[in-house]
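Data first, discussion second: the structure below is written as structure tokens.
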Amino acid sequence: MPRTDETLTMTSGELAHLGEGSVAYLRKVSSDDLRGRFPGLTEIAPGLELWALFAANGQPILLSDARDRALAGALENDLTTVAIH
């Protein structure tokens, strides 16, 4: 039987890489939010509702106007998705 009084300790660097290459999160975003967060983003119309797929470390992977397409992108890259509300 495993001990329950043990604590798992991770450095902030280890935590930042947790799930890297295997986990991505899906989030509904507005184009206005994206322009503020990613200044290098090419011109995008204001007020659009989009689905964004981000790597576990927060790096953007893809944007889509359809949730199903964003999920398909995760599957194509063998990523397990989690939803952020």
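With a Förster radius of 22 Å applied to the C-beta separation of residue 68 and residue 43, the computed FRET efficiency comes to 0.30. Sorting the Cα pairs of region 20-84 by distance into bins of 5 Å, from 0 upward, gives 4, 19, 32, 23, 15, 7, 1 percent per bin.
Bear in mind that the values in this text are calculations on the coordinates, not laboratory data. Note that the structure is a prediction, hence the values are computed from the model and not measured. We place every Cβ from the backbone using ideal geometry, glycine too, and count neighbours over all the protein chains shown.
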